[in-house]
Amino acid sequence: MQQASNVGDTRKPCQIIRQVSGKPSTLKISVRDVNGRFIADNSVKVERWRKQFELLSNVDARPATP
């Protein structure tokens, strides 16, 4: 851990501390629906992401003419 700190690697010491503490990762990804409410169900989150990326990718590629 000291070596990682000496070379400026701040990520590695944090990883080591998490491993040694034995605590599981509690990372949760929050996703909101179109009305701003949080979505709890993972399958609904995936569907929301799919719809969002579909919306973003359906952009007219033709340049606007003045």
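Bear in mind that the values in this text are calculations on the coordinates, not laboratory data. Keep in mind the model is a prediction, meaning the values are calculated, not measured. Positions of Cβ are generated from backbone atoms using ideal geometry, with glycine treated the same way; all protein chains shown enter the neighbour counts.
Label-to-label distance for Asp41 and Glu54 is 1.6 nm, based on points extended 7 Å past Cα in the beta-carbon direction.
Quick check on the exposure proxy: order Val44, Val7 from fewest to most C-beta atoms within 10 angstrom. Show your work: numbers first, answer last.
Numbers: Val44 12, Val7 7.
Arranged by neighbour count, lowest to highest, Val44, Val7 become Val7, Val44.
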